[in-house]
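The values are calculated or read from the model by the stated rules, or taken from the named source; none is laboratory data. Computed from a prediction, not measured in an experiment: that's the story for all the values here. In this analysis, Cβ positions are derived from the backbone assuming ideal geometry, glycine residues included, and neighbour counts consider all displayed protein chains. We work out accessible area using only protein heavy atoms, side chains counted, and drop any ligands, DNA or RNA first. Shrake-Rupley method; radii C 1.70, N 1.55, O 1.52, S 1.80 Å.
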Amino acid sequence: MELLNEIFVAPFADMVAAPDFLLQVLWEGLVSGVLYALIALGFVLIFRSSRILNFAQGIMVVFAALTMVGLHEKGVPAWIAVALTLVVMFGLAVAIERAVLRPLVGQPDIILFMATIGITLFLIGAGEIIFGGENKVMITEELGIPTGDTVLEPWGGLLILQHGDITVVLVAAALVLALLLFLGKTRMGRAIRALGDDHQAALSVGISLQTIWVLVWFIAGIIALVTGIAWGSRAGVSFALEVIAYKALPVLMLGGLESISGAIIGGLMIGMLEKLFEIYWGGPLLGGNTESWFAYVLALLVLLFRPQGLFGEKIIERV
């Protein structure tokens, strides 16, 4: 009886008793969810255009952040370092298309997936050789990212909003909006969508597969840089960020591998639900540290009932 109370009654009673604390938990979850959604968007764009599950997206986040911080350490002004990092990510996109993807056109999906693992290992090695393996401090002040906080008192309680987190949410929202406008309003954006909807039909009307691949990998690189700056401002820049980046995998399983809206909604859902579970159920019942596995268990439960994800298209096979 006591266990049932801890599961079904006590958590909700705590939420009602301290609504300001509930808002704080939801806000922290929202910030994490925005970052999960950003990383998931990189996965989705590449999968839609090439049917490749890009295992390298996590290390791209680390590599982009390390490049920017490393350039600044060499004396390059912060915003010039950002611009040069974008040039590096574009060069990386071209190199991946020329050296890895183009020779493997027509190969089974598992071969392409293994190729992205090779890209991951290459970037890890290159990052350690060029920038070293030690942790680095994100250049938040140099980039103009605010470091203060705003204190609110909802219902007479306390809600603390870090200015850096507010900036992350606003920049991520602007990036997602720009991406949606690009995909929906521009010629190249429509070409990416067409390639995702029907590869053969898109190629038959003259859409260049190589150009689209370079473009989507570059967009994934831009997303990786923004995510790396955001995560780095909270936890520093190190290869440990790669592990955080893979939290996007359950987001993909939840939202669907081909759904941009699913990546956004799935990221926000997982970010907030894992925080709620950690605070109100995980800590009291399981001793805490549930954030490391909650998202994967949630995604597994969704896959048992809807293998294509909540927002993926239902797969119909005719025999």
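Some observations on this one:
- Residue among S208, S233 that alone is at pLDDT below 85 and open to solvent by 10 Å² or more (accessible area, probe 1.4 Å): S208
- Selection count, region 260-276, where residues are open to solvent by 10 Å² or more (accessible area, probe 1.4 Å) and closer than 13 Å to L41 by Cα: 5
- Condition met for L159 (more than 22 Å from A83 (Cα to Cα) and touching a strand residue (DSSP E or B) at 6+ places or on another chain (Cβ under 6 Å)): yes
- The listed residue being at pLDDT 90 or above and closer than 16 Å to V243 by Cα, out of L86, L121: L121
- Pair list, Cβ < 7 Å and 6+ apart or interchain, from region 274-297 residues that are modelled with pLDDT of 90 or more to residues that are open to solvent by 70 Å² or more (accessible area, probe 1.4 Å) and in a helix (DSSP H, G or I): Y280/D14
Residue-by-condition table, conditions (1) of a type outside the set (D, E, K, R); (2) in contact (Cβ under 8 Å) with a residue 40 or more places away in the chain; (3) crowded, with 18+ Cβ neighbours inside 10 Å; (4) not in a helix (DSSP H, G or I):
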position: A126; (1), (2), (3), (4): yes, yes, no, no
position: I139; (1), (2), (3), (4): yes, yes, yes, yes
position: V168; (1), (2), (3), (4): yes, yes, yes, no
position: L181; (1), (2), (3), (4): yes, no, no, no
position: G184; (1), (2), (3), (4): yes, no, no, no
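- Residue count for region 250-286 satisfying the condition of being out of contact with any Lys or Arg (no Cβ under 6 Å at 6 or more places or on another chain), among the acidic types (D, E) and within 17 Å of V302 (Cα to Cα): 1.
- Verdict on R187 being at pLDDT below 85 and basic (K, R): no
- Boolean, I219 is in a loop (DSSP other than H, G, I, E, B), out of contact with any Lys or Arg (no Cβ under 6 Å at 6 or more places or on another chain) and either surrounded by 21 or more Cβ atoms within 10 Å (Cβ to Cβ) or at pLDDT below 90 (or both): no
- Listing of helices (runs of 4 or more DSSP H) fully contained in region 240-319 that carry 2 or more residues being closer than 26 Å to E2 by Cα: 260-277, 283-286, 294-305
Every residue, every condition in (1) under 30 Å from G70 (Cα atoms); (2) open to solvent by 60 Å² or more (accessible area, probe 1.4 Å); (3) in contact with a Cys (Cβ under 8 Å, 6 or more places away or on another chain), yes or no:
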site: P108; (1), (2), (3): no, yes, no
site: F131; (1), (2), (3): yes, no, no
site: W155; (1), (2), (3): no, yes, no
site: L195; (1), (2), (3): no, no, no
